[in-house]
1. Among (1) assigned to a strand (DSSP E or B); (2) at the interface with another protein chain (Cβ under 10 Å from one of its Cβ atoms), there is one condition B:Val148 misses while meeting the rest; what is its number?
2. Please verify whether A:Ala102 is open to solvent by less than 10 Å² (accessible area, probe 1.4 Å), among the small types (Gly, Ala, Ser), more than 7 Å from every other protein chain (Cβ to nearest Cβ) and touching a residue at least 12 places away in the same chain (Cβ under 8 Å), treating the condition exactly as stated.
3. Please go through (1) among the small types (Gly, Ala, Ser); (2) more than 10 Å from chain B (Cβ to nearest Cβ); (3) surrounded by fewer than 17 Cβ atoms within 10 Å (Cβ to Cβ) for A:Ser185 and return the number of the only condition it doesn't satisfy.
4. If you go through region B:121-132 one residue at a time, do you hit one that is more than 27 Å from A:Tyr127 (Cα to Cα) and open to solvent by less than 30 Å² (accessible area, probe 1.4 Å)?
5. Please determine, by comparing only the residues of region A:194-211 that are within 14 Å of chain B (Cβ to nearest Cβ) and more than 20 Å from A:Gln264 (Cα to Cα), which one is least open to solvent (accessible area, probe 1.4 Å).
6. Condition test on B:Ala167, is it surrounded by fewer than 24 Cβ atoms within 10 Å (Cβ to Cβ), over 16 Å from B:Met211 (Cα atoms), within 8 Å of another protein chain (Cβ to nearest Cβ) and at pLDDT 95 or above?
7. Tell me the residue from B:Thr156, B:Thr216 that is open to solvent by 50 Å² or more (accessible area, probe 1.4 Å), assigned to a strand (DSSP E or B) and either modelled with pLDDT of 95 or more or more than 12 Å from chain A (Cβ to nearest Cβ) (or both), please.
8. Going by the conditions given, is A:Val236 under 18 Å from A:Ser260 (Cα atoms) and part of a loop (DSSP other than H, G, I, E, B)?
Amino acid sequence: MKTLVLVEHDNACVKDATLHTVTAAAALGEVHLLVAGQGCAAVADEAAKIAGVAKVHLADDAAYAHQLPENVAPLVVALMADHEAFLASATTTGKNIAPRVAALLDVMQISDIIAVDGPDSFTRPIYAGNAIAKVKTSDKKLVITVRGTAFDKAAASGGSGTVETVPGTGDSGIASFVGAEIAASERPELTSARVIVSGGRGVGSGENYHKIIDPLADKLGAATGASRAAVDAGFVPNDYQVGQTGKIVAPDVYIAVGISGAIQHLAGMKDSKTIIAINKDEDAPIFQVADIGLVGDLFQIVPELTAKL
Amino acid sequence: MKILVPVKRVLDYNLKPRVKADGSGIDLANVKQSMNPFDEIAVEEAIRLKEKGIATEVIAVSIGEAKSQETLRTALAMGADRAILVTHDGVAEPLAVAKLLKAIADEEQPGLIILGKQAIDDDSNQTGQMLAALLGWAQGTFASKVEVSGETVNVTREVDGGLETVALKLPAIVTTDLRLNEPRYASLPNIMKAKSKPLATKAPGDYGVDMTPRLTTLNVSEPPKRQAGIKVASVDELVTKLKALGVAA
């Protein structure tokens, strides 16, 4: 079957999430990509080099500059006349656009897949990953979002896809982009980092978070994350949140500092290769999933650890 | 302007789901079920817009088994004015739910529909976006701030990189994220009062919607369990372990 993958990008570069989704699409059939954006020809050229990509559809128009679903969904629907499956990464962009496409195609979307079991069968987590469901669809076309941590990245080079410009489908006129506050950070992105240091309620305050967590993360070249409790308390912004409704991560090493381990948090990080927990409460649920635990006062342990690394 | 708030009855978020031994699903017999937490946030937001004088009426809708009436009574006790229950036993997929909600929206003509961004049972995160597509309306998903002014609603969205604000022409769809508000508890007098608020009961056939699922669940299983590991006694031991993992020089 011919698949169409929505490329995630910032009008300059392809985001890593796309590489994972390409791997899922390749399990279904021929991989075509859609780059919708403004001034994004370089993104299409980069995307054409992804291993296994046959064709890149490039829609370059002001209407697509900010990935507004009201504009992107009709474009995808037009291209789906010639494709059997649409795949998007289960990121905030993909989750915003894919269901809109599915409804327009009268297809029931399959969200957040972690395995492709067959041309119509998929595995996905439900109940915050406390159960794993295998589902089979009877729809003629597929609309899928893909959990990146469950699929390896396709190689960013080696492919030789062709780039084809496609006409836009116009501006809906019902939605417009006003502005964004996107945090600029020197640190690796949470969803693709090898090491993550995360802070929870136990850290106590935003000031403490930056005093305790940041230096350790700097020492390890790690990304920084947080539990919902820490975000709700205003220690750090929402883009730090790891969990059922935040980001799903699976780094080589996840260091949970002052995080008790609510099921909603575990849902976002329990596929990490090695989990290290530092918590003063030896009965905290986080220790039930941690490979290495250290019980004690994080305000002593973490600075000492940072100093000794 | 009317606001429509769809709510879903789900396994209480404090409870750990139990997978049925025959692999057919999650055991929901005799366990506490409550309003999906994101939907509580949606109800709260609608009520606040009414308290600000922006909304005139808040209508709660639920699609599910007869017991979903309890979930609607919760919404009424929080401050919704009336409720519609579309009774349906068995699976109600987001696409079918969106079709029912579209039919209800066609009848009620709300200016805003506020939904939870996802239900914590199937974690689909689809219904709001699908409803927006079927109605041809704009959508502001994962909202952390909603400001209505005139014919427009500005929605600040929680996105992977931070925050993003979009301006949507009304009528529009909003789906709620965690930090939009903190839902109120219903007071006892309001719980009593909710019992006499109007609640209409309908069936999917009344709206001509076919509820036949498109997806078949082949099997539901427990995820692989992580074994608890070891505890180290000192920072020095932890440093040794980290070095062994190759993350520290």
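The values are calculated or read from the model by the stated rules, or taken from the named source; none is laboratory data. What you are looking at is a predicted structure, and each value in this text was computed from that prediction instead of being measured. Neighbour counts are summed over all protein chains in view; Cβ atoms, including those assigned to glycine, are modelled from backbone coordinates with ideal geometry. For the accessible areas, the whole protein counts, side chains as well, though only heavy atoms, and no ligand, DNA or RNA atoms are used. Shrake-Rupley method; radii C 1.70, N 1.55, O 1.52, S 1.80 Å.
1. Condition (2) is where B:Val148 drops out.
2. no
3. (2)
4. Here is the first cut: in region B:121-132, the ones more than 27 Å from A:Tyr127 (Cα to Cα) are none.
No; the residues of region B:121-132 include none that is more than 27 Å from A:Tyr127 (Cα to Cα) and open to solvent by less than 30 Å² (accessible area, probe 1.4 Å).
5. Going residue by residue through region A:194-211, those that are within 14 Å of chain B (Cβ to nearest Cβ) are A:194-197.
Pick out the ones that are also more than 20 Å from A:Gln264 (Cα to Cα) and you get A:194-195.
On the way: A:Arg194: 128, A:Val195: 7 Å².
For region A:194-211, the residue satisfying everything is A:Val195.
6. Working: surrounded by fewer than 24 Cβ atoms within 10 Å (Cβ to Cβ): yes; over 16 Å from B:Met211 (Cα atoms): yes; within 8 Å of another protein chain (Cβ to nearest Cβ): yes; at pLDDT 95 or above: yes.
Yes: the conditions hold for B:Ala167.
7. Answer to the selection: B:Thr216.
8. Answer is yes for this residue.
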